[in-house]
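The values are calculated or read from the model by the stated rules, or taken from the named source; none is laboratory data. The structure displayed is predicted, hence computed values, not measured ones. Virtual Cβ from ideal backbone geometry, glycine too; neighbours counted across all protein chains shown.
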Amino acid sequence: MTEAQADLIRLLAWLGGFLLLASAIGFVLSRRATTGDAAGAIENLNARIKAWWVMVLAIGLALLWGLTGVVLMF
């Protein structure tokens, strides 16, 4: 494994960790939100976090597959 690949895996691990933390916070907030406005805002937040999961996963897999994966993704 090259140093660049190790750096990429490390970066993806950090992003995954931050997304796990954000998902946990969103889950807790969704359980605590009682009013309509707050519940709507938390639902929007959780939808955005889920979208980030998809983006990080797609880009991460493409980068891990190298040039072919990046070309296919774009």
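Listed values, structure above:
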read-out	value
In segment 1-12, the residues that are loosely packed, with under 11 Cβ neighbours inside 10 Å and either at pLDDT 95 or above or assigned to a helix (DSSP H, G or I) (or both)	GLU3, ALA4, ALA6, ASP7, ARG10
Pick from segment 42-74, criterion among the small types (Gly, Ala, Ser) and surrounded by 13 or more Cβ atoms within 10 Å (Cβ to Cβ), ranking: nearest to the chain's Cα centre (by Cα)	GLY60
